[in-house]
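First comes the structure, then the notes that go with it.
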């Protein structure tokens, strides 16, 4: 029995139709999910701002490059017409497993209020000990029926920066003692967080007059 001859033009049209259908489906999925993704990002940012800033009823934004060339997005928080604080968010490429996104709340004098890491891919149990704020549920307290306190969970490595101002150089990494900003086994992550916080604080201080005027 003779083999059937393949009709190349028809096969090309068929494959082209499949490709067009797949491309159209991907485009539809992308469009359908884009709004939800954007809404989730906005919600995540709003939650982060509420965590690092005092209660505010208005927010403005501006972008200023740090000395390292990193774009820092500053959020200018207002209560009525009065500026009550700033929040800076930066992506540092210095993490052990890639980029880290760090947000620091700042007082109006440029001192650091609170720090959180909003995105990271660091090693669980090592790098994440420096970056994550997790509520510690103590079994004894749960058995006694004690409620967990509201607020931002503590992290000794991040809380070390509270009340400090950026100077001319990054802070040294401290691994031992009662007050620490670095973890043994996660030095690269510790330095990355340190550098990001320093960049936010230093850029804020260097442009404090501009930030204090708010945004146009």
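Has segment 50-59 got any residue that is part of a strand (DSSP E or B) and surrounded by 14 or more Cβ atoms within 10 Å (Cβ to Cβ)? Show your work before the answer.
Narrowing segment 50-59 to residues part of a strand (DSSP E or B): 58-59.
Then drop every residue that is not surrounded by 14 or more Cβ atoms within 10 Å (Cβ to Cβ), which leaves 58-59.
Yes, some residue in segment 50-59 is part of a strand (DSSP E or B) and surrounded by 14 or more Cβ atoms within 10 Å (Cβ to Cβ).
Condition test on residue 100, is it part of a helix (DSSP H, G or I) and either surrounded by 11 or more Cβ atoms within 10 Å (Cβ to Cβ) or out of contact with any strand residue (DSSP E or B) (no Cβ under 8 Å at 6 or more places or on another chain) (or both)?
Here the answer is no, as residue 100 does not meet what is asked.
Does residue 134 satisfy being outside any strand (DSSP E or B), within 16 Å of residue 52 (Cα to Cα) and modelled with pLDDT of 95 or more?
no
Could you list, in sequence order, the residues of segment 54-67 that are out of contact with any helix residue (DSSP H, G or I) (no Cβ under 6 Å at 6 or more places or on another chain) and farther than 23 Å from residue 151 by Cα?
Hits for segment 54-67 are 60, 61, 62, 63, 65, 67.
Could we say that residue 77 is more than 19 Å from residue 193 (Cα to Cα), touching a strand residue (DSSP E or B) at 6+ places or on another chain (Cβ under 7 Å) and either in a strand (DSSP E or B) or modelled with pLDDT of 95 or more (or both) here?
When the stated conditions are applied, residue 77 passes them.
In segment 61-74, which residues are within 19 Å of the chain's Cα centre (by Cα) and either surrounded by 15 or more Cβ atoms within 10 Å (Cβ to Cβ) or part of a loop (DSSP other than H, G, I, E, B) (or both)?
Scanning segment 61-74 gives 62, 64, 66, 68, 69, 70, 72, 73, 74.
What pairs can you find where one residue is in segment 13-32 and on the phi < 0 side of the Ramachandran plot, the other is in a helix (DSSP H, G or I) and modelled with pLDDT of 80 or more, and their Cβ atoms are less than 9 Å apart, with a gap of 6+ or different chains?
none
Give the residue that is farthest from residue 156 (Cα to Cα), with candidates limited to residues of segment 105-126 that are without any contact (Cβ under 8 Å) to a residue 60 or more places away in the chain and assigned to a strand (DSSP E or B).
In this case the residue turns out to be 119.
Quick one: in segment 121-133, which of the residues that are surrounded by fewer than 23 Cβ atoms within 10 Å (Cβ to Cβ) and in contact with a strand residue (DSSP E or B) (Cβ under 8 Å, 6 or more places away or on another chain) is farthest from residue 163 (Cα to Cα)?
Top of the filtered list is 121.
The values are calculated or read from the model by the stated rules, or taken from the named source; none is laboratory data. Being a predicted model, the structure only gives us computed values, none of them experimental. All Cβ positions, even for glycine, are placed from backbone atoms using ideal geometry, and neighbour counts span all protein chains on display.
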